[in-house]
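Since the structure comes first, as structure tokens, the remarks are kept for the end.
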Amino acid sequence: MEPHLLDEVLSLLEKFDLSYQLHVENHSQLVQGIYQKFPSLVPKKKPDSFPHKWPVKCPSDRKEYQLLIQLHTKFIPCGFFEKLSVRLNRMLSLHLDWRYGFVGILKNDTGDILCECFDDKNEFGSLLVALRMKKNAECSKNAWVQLFPLIFTIREVLQHYPCVMAHMFIVCSHCLKLKETNPSLEPQLFDVDHVLLSSKLPKSVKCKNGVMMKPIPLAEACPVRGQIIGDEIKQEHINHISETMAADWKRLANKLPLKVGIAKCNIAILEIQGKNQGHLKQQCVDMLTEWVTSADNATKSHLCECLRKIDKVKTAHEIEKMN
């Protein structure tokens, strides 16, 4: 295959969340370089090294947090976890994966993450997300802040399956500590579509072990998506986009979108064009600056996702590599 055709094919594969780039530095069986990984082709069996990467007992210097997402189906939708793996790889460093699960580390090296799907033939298909954070004074707050990118990503992937209903639960930390096989879910059912908007929480309730559980105010932990650590959009990101793809800034504006609603978005685009006629780079900078300051979904991960959707995969990779 011609090199330029290969690049286009790989861009399409990434655009539709079928594969992602894998950077290899040291590996006994692979030559150093960049590879393309397809989650749908990895082995179904959980690797033998899994107990070493994720011990059954949480290490003493870590504290574990868990989210359980129940899909109101008796199966995991085809392609769901593969799409989720591709998107999460852009936010984490994966070091072990199989067909329906992976273990990864946060890119700021503050904790490990396990994500695994389960098929329950009698009840629900379930997705477990577990985070083991390093213990420190800000441990609890940081844990939920770090989980927010995963919550958003899971929600975005579920939107590709409109007929699948899903709910999110927080697993009781006391039950986890006591190694309960069927831990309590606290403090109530969280609808995936409203998990970030729910600020009214019930009073403290008791789990099955009689321990009082105080609800975690998720909306207060991280009310704005752009506050996620490491996912902020910086001026250097805006400048890079204006330098590399200024001519396509209107396509990007519609995809983000700059404003909610087609009419409002088009009006905002016309206003930006009127201020700096003939200066595409400045128009691009103005558009992104306005979006960052006004939109709740203004994050680097969402920006890169939109860049891929308008076939700017190379620019998306460059932005992701930038601090």
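The values are calculated or read from the model by the stated rules, or taken from the named source; none is laboratory data. What you are looking at is a predicted structure, and each value in this text was computed from that prediction instead of being measured. Neighbour counts are summed over all protein chains in view; Cβ atoms, including those assigned to glycine, are modelled from backbone coordinates with ideal geometry. Calculation scope for accessible area: heavy atoms of the full protein, side chains included, ligands and nucleic acids excluded. Shrake-Rupley method; radii C 1.70, N 1.55, O 1.52, S 1.80 Å.
Would you call A316 farther than 27 Å from L84 by Cα and either in a helix (DSSP H, G or I) or open to solvent by 70 Å² or more (accessible area, probe 1.4 Å) (or both)?
no
In the range 133-149, which residues are surrounded by fewer than 21 Cβ atoms within 10 Å (Cβ to Cβ) and modelled with pLDDT of 75 or more?
Answer for the range 133-149, where residues must be surrounded by fewer than 21 Cβ atoms within 10 Å (Cβ to Cβ) and modelled with pLDDT of 75 or more: K134, K135.
Residues that are among the polar types (S, T, N, Q), touching a residue at least 12 places away in the same chain (Cβ under 8 Å) and over 17 Å from E318 (Cα atoms): which helices (runs of 4 or more DSSP H) entirely in the range 235-295 hold 3 or more of them?
280-294
Among the residues in the range 261-276, are any closer than 30 Å to V86 by Cβ and either open to solvent by 20 Å² or more (accessible area, probe 1.4 Å) or among the basic types (K, R) (or both)?
Yes, the range 261-276 contains at least one residue that is closer than 30 Å to V86 by Cβ and either open to solvent by 20 Å² or more (accessible area, probe 1.4 Å) or among the basic types (K, R) (or both).
Among all residue pairs at least 6 apart or on different chains, which show Cβ distances below 8 Å where the first residue, located in the range 58-69, is on the phi < 0 side of the Ramachandran plot and without any contact (Cβ under 8 Å) to a residue 24 or more places away in the chain and the second is among the basic types (K, R) and open to solvent by 30 Å² or more (accessible area, probe 1.4 Å)?
Final answer for the pair search is none.
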